[in-house]
1. Most exposed first by the Cβ proxy, i.e. fewest other Cβ within 10 Å, how do 483, 534, 28 rank?
2. Given the DSSP H assignment, sum -39500 (n - 2.57) over each helix run of at least 4 residues in the chain and divide by its residue total; what's the result at 222 nm in deg cm²/dmol, nearest 500?
3. Which value, in Å to one decimal place, does the Kirkwood hydrodynamic radius take for the range 510-575 when every pair of different Cα atoms is included?
4. Which angle between 0 and 90 degrees, to the nearest 10, do you get for helix 478-488 versus the longest principal axis of the chain when only C-alpha atoms count?
5. Name the residues whose placed amide hydrogens come within less than 5 Å of the amide hydrogen of residue 414, ignoring near sequence neighbours (fewer than 5 apart) on the same chain.
6. Report the GluC sites (Glu not before Pro) located in the range 439-526 that are in a DSSP loop and have at most 15 other Cβ atoms inside 10 Å of their Cβ, or state none.
7. Is the range 226-425 best put as rounded, prolate or oblate by its Cα gyration tensor, with a ≥ b ≥ c the root eigenvalues, rounded for a/c under 1.5, and otherwise prolate when a/b is larger than b/c, oblate when not?
8. Any lysines with Cα under 17 Å of the residue 422 Cα? List them, leaving off those in the same chain fewer than 8 positions away.
Amino acid sequence: MKYQLLADAYAKIEATTSRLTITRLLADLFRQAPKPIIARLTYLTQGKLYPDFEGIEIGVAEKMAVRAVTQATGASQEAVARQLTRTGDLGSVVEALLKKGKTRRSVLTVDEIYDGLDRAARASGEGAQALRIAAIAGLLGRATPAEAKYIVRMATGKLRLGVGDMTILDALAEVFAGGKQARKELERAYNLTSDLGYVAAVVAEGGLEKIRKIHVVVGKPIRPMLAERLGNPGEILAKLGGRCIAEYKYDGERLQIHKKGNDVEIFSRRLEKITAQYPDVADLARRYLKATDAIVEGEVVAVDSETGDLRPFQDLMPRRRKYGIEEAVQLIPTTLFVFDTIYVDGKDLTEEPYQKRREVLTRVVKSNARFRMATFAEVASVDELERVFEQAVQAGCEGLVCKATGGVYQAGARGWQWIKFKREYRSEMTDAVDLVVVGAFHGRGRRGGSYGALLMAAYDDKDDNFKTLCKLGTGFSDEFLGDLPKMLRRYERSERPMRVNTRIVPDVWLEPAVVFEVIGAEITLSPVHTAGWDVVRKGSGLAIRFPRFTRVREDKSPTDATTVKELVEMYRRRTKKAG
Ligand code: AMP
């Protein structure tokens, strides 16, 4: 197939905004194309060579493309650069330059264009620039002006025809699947594979029948199922038929893990391959995913290497870097909380109800500290739901994802099978608070011999006692940690000090004496901490989420610490504002 046909169609597509016209133009192209090149034709029209998840971009820098244009047209670099500044589109520049020369017949085929661009995309290492320029110049040297325009735009990643994936699916449905009504089924296949070229090739070869047989494929990411949102637990339960699986909503990054034997690939929520960012998770999947082939989904969360506490999402940022991943892995370990499975050993599970998928998961995930099932509880009342919600927040989570027990995996869809319940009851903390140390927990690992975390309390001036608000294990320097036992030793007690009011039992009790300044992300309701118990809500206290030590307040005695009353006010003030 001549590339000229594509160039002609693209020119017409650019000239219209009518989706119907565009669909018709695309359908004409598909009709004329020999079946073996349908996939390539599809990718090229998307402005790509491969589906996004492969991560292969043509990516010729504009500067390099300018050099290719000068080589192919004989124009000077200055002239090309000048016109580029004027028009902002190197494609139009090369078209105009070639129009001035002698007329060219169209000779290039779609395959030749694809292969040339592919050579440019794959060039790497020393001499890659020269290879890229040569590949593009080689194509331009034989192209008509109109073809050259699109070649340059493709090469620089700027095709931008304004053709959506759904319009391409419409055209495919019309030509190969008996009409537009088949679009839904093509869309399903696309949602399951994220690969439009693949779907196009399958429908061109085998029509709707083959499309219906498309299943998830290990190695091709599935467009993730998404959640709706409601703020009221009663409404959530009503939507889900009175009962649901209430699962902790972890605050990290969603990962889709594909395992084929010992090969593991990890995809992001946006379907990019990010295996390189999580070599540790890939390794855990190899060891603890007890299936030969499997696709599972989970949320990866940063954890404090010393206390094992969950850390906020921002702590994962160092993983985004291209280099220094090993250091990041050492510095910020993670835990993966697995919450769904899509495929296990030959079986596509997308049509199975959630309860069944979870059963399969429980069988194949060998849970341990770093790779484990997301915590969940089956609930059938508002009370239970609120309880689990508070436990989730207490554990460092954002809230819950409430799931219909019978819900199938709806790839790429936001539906009412999953409903997120985030903290309405949350209150951002802007001010630091001063809290009293009332207990300590033995450290592990690097903190062996010292304390791993401290139990912190606020002062309740009404009851004249100390009520707990958080465990504190972050923000200490190594030196400070080393000195801590010395600082606190004389306050150690074998029994709970009279004025300490707590539902948590630390390893070591400490007489309220030392005050630390602490900042946190927000104040939340808590099922275990006693500060403000029954005040904001019956059966709940308040807690600080993500507390961090800032300094010792030697100037303060324990009764000068922040009071429970102040905390309740802070909570109410900020919550009102947020609402
Ligand atoms: P949101 O990003 O606020 O729309 O919430 C949905 C996201 O929550 C998902 O895409 C996951 O990344 C994340 N998440 C955390 N825990 C869970 C869970 N147990 N089930 C489903 N999604 C979860």
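Readers should treat all values here as calculations from the given coordinates under stated rules, not as data from a laboratory. Quantities reported herein were computed from a predicted structural model and do not represent experimental measurements. FYI the Cβ positions are ideal-geometry reconstructions off the backbone, even for glycines, and counts take in every protein chain you see.
1. By the 10 Å Cβ count, ascending: 534, 483, 28.
2. One gets -11500 deg cm²/dmol as the mean residue ellipticity at 222 nm.
3. When all Cα pairs of the range 510-575 are included, the Kirkwood radius is 12.7 Å.
4. Computed tilt is about 20 degrees.
5. 226
6. Counting only loop positions with at most 15 other Cβ atoms within 10 Å, the GluC sites (Glu not before Pro) in the range 439-526 are 495.
7. oblate
8. 239, 249, 403, 576, 577
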